[in-house]
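The values are calculated or read from the model by the stated rules, or taken from the named source; none is laboratory data. These numbers come from a predicted model, not from an experiment. Glycine gets a Cβ as well: all are built from the backbone with ideal geometry, and neighbour counts include every protein chain shown. What goes into the accessible areas is simple: the full protein's heavy atoms, side chains included, and nothing from ligands, DNA or RNA. Shrake-Rupley method; radii C 1.70, N 1.55, O 1.52, S 1.80 Å.
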Amino acid sequence: MGKNLVYKILEKHLVEGELVPGNSIGIKIDQTLTQDSTGTMAYLQLEAMDIDQVSTKRSVAFVDHNMLQQGFENADDHKYIQTVADKHGIYFSRPGNGICHQVFLERFSVPGDTLLGSDSHTPTAGGVGMLAMGAGGLDVALAMAGGAYYINAPKVVKVNLKGKLNHMVAAKDIILEVLRRVTVKGGVGRVFEYGGDGLKYLSVPQRATITNMGAELGATTSIFPSDERTLEFFKAQGREDEYLELIADEDAEYQEEITIDLNELKPLAAAPHSPDNVLEVESLTDIKIDQVAIGSCTNSSYEDLMKVAQILKGHKVHKDVSLVIAPGSRQVMTMIARNGALADIISAGARILENSCGPCIGMGQSPGTDGVSLRTFNRNFYGRSGTLSASVYLVSPETAAVSAIYGKLTDPSTYDIEFENLTVDEFFVDDSMIIKPSITGSDVEVIRGPNIKPFPLSAKLKESLEGKVILKVKDNITTDHIMPSNAKLLPFRSNIPYLSKFCFNTIDEYFPNRALENKGGFIVGGENYGQGSSREHAALAPLYLGVKGVIVKSFARIHKANLINSGIIPMEFTNLSDYDDIDMMDDLVIEDIINQLDSSHLIINNLTKGTSFEVKLDLSEKDVKVLKAGGKLNYMKSLVMNKAL
Ligand code: MIC
Ligand code: SF4
């Protein structure tokens, strides 16, 4: 049997373990990316590792999330990231240069390379055949320091795209269809590799929309082959020399397969409050809308905004709709400014935002009370827009722009238009907002503002763990529930003591106090606990509040890794019905945890109920060592000390 693309790349980067689906493997990371809201923590951790220069082929620090500067905090964090990057040999993409995933795709992506990013949408670069994965900041810092990245060798799902998309049906509709079929938890432990005769009609920006939102499947990553369409993109970016052809063997083996007939696909929307709550737009056309937001790392390419401009040209945004648009990068913004498309967008009545994440992460533009917002983004989790009563629908740029004109959700396939000039032979290239690092980092002074506080470290694991159940939650809890992010909280990403006061705030505002009063304890949850972002703050804030273990039906990949890195024990119910028998404030004890961790199961006693139950531990040998040491930084310190002895 021949090889698929994923295993071809993994094989080249394997440094530990055997390449068999499900096995723990270590891989070499070629490139890393960070963004500012996870980057401060990642660089504090890198500094704690005491290395001079990064060992990766290329590492890039972006500033794109915390852009509103309502106080000194964000500006200080930007300066910290700029100086720490300069000192350690890391490229710095200045605020205003664009969203990390869009700029990375344009200027740094390389087919066949591995990329680790402290952002869950790092798989965007899979659009050009990179094996690109999201991770917590500590794992990215370790990769910068030259360490391997550990994952379970994935199952590879072939997504066979047949035929061609119809008029006004978009790449966004393809990934929404995958989400409809696979759900937000169906991708765990899998990589989605795209193939089929439909590929030739999909440009790199369209492919990147699909790999970007593949994160919502819970997948390890998604990838497209690197082919003629990829070469076209690299040529137009003036980076032909970094292009490499990369395709799966004809008889490649896949563990699973999905086929999507593109000719059959219709415009789709993800209804509140989950990206897999997917319906056909034609079934939602009576919904009146208050806001349309176009942008985010999913849909803010030149091609997307050219479509939006051509739809809006000569029309006005409906009087009851606020249309906001954030181009993905300075490259995109400059090009639409120069060719007049931006003028068409502005004269239709759109409000132009800077090239950044903006409303996608709640940095402004929260809808009004009970507002209905159509967004071209990738996540519509409860509360993420900043307005708890808002209803957010995720749609393509085509659906968004047409609906903005009519003031209600509108099926774009009823709109008559022939798009032109969606691609160019040459993108506008100006890398002057990407600062190359100093050659002699030792001379650079790292500037730290007063908002940067030390991050919490767990203590070495004790003989037994005991505590109360201080929170019981249901299925599909997101990291936006655990550690909400919005314009008010994002400036405190390097201040865990302050952030922890808001932990689980949208679900249970008394949680932080209860945790402190009870000196921590356990969290009990349902399926897919911790889905969504890579923010390790969703582990560090609970750690600060004394959380010792999380017992759930199943975990999302990145959050589970972040819990282990923080020294919090992730446990899964062996019998799912045991979830029903635990109540808030039950007293739990795990005896002899040090020895129990060495097995694949452990027993928890519920003292309140006088019962005991079994949980599964899906941990590698290394994970167990990390947990016993009280987290990854402690574990690494112990390795260094042992070497010194
Ligand atoms: C997101 O889209 O949720 C974020 C904000 O980009 C996060 C990172 C963060 O929380 O800073 C992500 O996707 O990992
Ligand atoms: Fe930024 Fe939104 Fe993309 Fe996250 S999903 S990186 S917040 S644009």
(request) Could you pull out the GluC sites (Glu not before Pro) across region 1-83 that fall in loop regions by DSSP (anything but H, G, I, E, B) with no more than 14 other Cβ atoms inside 10 Å? (result) 18
(request) Determine Rg/Rh for region 345-473; Rg is computed over alpha-carbon atoms and Rh is the Kirkwood hydrodynamic estimate from the same atoms. (result) 1.13
(request) Can you tell me how much longer the chain between residue 354 and residue 429 gets when fully stretched, taken as 0.36 nm per residue apart minus their C-alpha distance, in nm with one decimal? (result) 25.2 nm
(request) Evaluate Rg over Rh across region 121-261, taking Cα atoms for both radii and Kirkwood's formula for Rh. (result) 0.97
(message) Which of rounded, prolate or oblate describes region 316-383 when judged by the alpha-carbon gyration tensor and an a/c cut-off of 1.5?
(response) oblate
(message) Using a 1.4 Å probe on the protein heavy atoms only, what accessible surface does residue 363 show? Give it in Å² to the nearest 10.
(response) 10
(request) Before anything else, pin down the relative contact order of region 20-161: Cα pairs under 8 Å, at least 6 apart, normalised by residue count, whole percent. (result) 37
(request) Please name whichever of 112, 146, 45 sits farthest to the positive end of the charge dipole of region 41-173, dipole taken about the Cα centre and charges placed at Cβ: Lys and Arg +1, Asp and Glu -1. (result) 112
(request) Place a +1 charge on the Cβ of each Lys and Arg in the chain and a -1 charge on the Cβ of each Asp and Glu, then give the dipole magnitude about the Cα centre in debye, rounded to the nearest 20. (result) 1340
(request) Measure off, as a whole percent, the carbon and sulfur share of the 1.4 Å-probe accessible area of the chain, all protein chains present. (result) 48
(message) Viscosity 0.890 mPa s, temperature 25 °C: what is the translational diffusion coefficient of region 516-592 from Stokes-Einstein with a Kirkwood Rh over Cα pairs, rounded to a whole number of µm²/s?
(response) 190
(message) Calculate the FRET efficiency for residue 516 and residue 200 from the Cβ-Cβ distance with a Förster distance of 60 Å, rounded to the nearest 0.05.
(response) 0.55
(request) Return the subset of 8/632; 155/185; 28/79; 164/235; 462/625; 155/266 for which the Cα-Cα distance in this structure is over 21 Å, preserving the input order. (result) 8/632; 28/79; 164/235; 155/266
(message) Relative contact order of the chain, please, whole-number percent, based on alpha carbon pairs below 8 angstrom and at least 6 residues apart.
(response) 14
(request) Would you mind computing, in nm to one decimal, how far apart the modelled labels at residue 508 and residue 462 are, each placed 7 Å from Cα along Cα→Cβ? (result) 2.1
(request) Give me the distance between the Cα centres of region 519-593 and region 355-432, rounded to whole Å. (result) 34
(message) Just want the answer: with Cβ charges of +1 for Lys and Arg and -1 for Asp and Glu, which residue in 619, 603, 634 is farthest toward the dipole's positive end in region 581-645?
(response) 634
(request) Just add up the charged neighbours of residue 460: K/R +1, D/E -1, any other residue whose Cβ is under 12 Å from the Cβ of residue 460. (result) +3
(message) Let me make sure I get this right: for region 1-117, a, b and c are the square roots of the gyration tensor eigenvalues over alpha carbons, sorted descending. Under 1.5 in a/c it's rounded, otherwise prolate if a/b > b/c, else oblate. Which is it?
(response) prolate
(request) Restricting things to alpha carbons, tell me how big the chain is in terms of Rg and Dmax, in Å. (result) 23.6, 75
(request) Work out the FRET efficiency for residue 242 and residue 608 from their Cβ-Cβ distance, taking R0 = 56 Å, and round it to the nearest 0.05. (result) 0.40
(request) Leaving out ligands and nucleic acids, note down the accessible area per residue over region 558-612 with a 1.4 angstrom probe, in whole Å². (result) 41
(request) For residue 488 and residue 453, calculate 0.36 nm times their separation in residues minus their Cα-Cα distance, and state this gained length in nm to one decimal. (result) 10.8 nm
(request) Take the Cβ-Cβ distance between residue 616 and residue 227 as r, set R0 to 51 Å, and report the resulting FRET efficiency rounded to the nearest 0.05. (result) 0.80
(request) Describe numerically, in nm with one decimal, the distance between label points set 7 Å from Cα along Cα→Cβ at residue 282 and at residue 343. (result) 3.9
(request) Would you mind working out the accessible area per residue for region 38-187, using a 1.4 Å probe, and quoting it in Å²? (result) 24
(request) On the full set of protein chains, 1.4 Å probe, figure out the accessible area of residue 603 and give it in Å² to the nearest 10. (result) 80
(request) Would you work out which of 567, 186, 458 lies farthest towards the positive end of the dipole of the chain, given +1 charges on the beta-carbon of Lys and Arg and -1 on that of Asp and Glu, about the Cα centre? (result) 458
(request) Return the distance in nm (one decimal) between the two label points of a simple spin-label model at residue 94 and residue 20, each offset 7 Å from Cα along Cα→Cβ. (result) 5.4
(message) Under the 0.36 nm per residue contour assumption, what length would be gained going from the current alpha-carbon distance of residue 585 and residue 370 to full extension?
(response) 74.0 nm
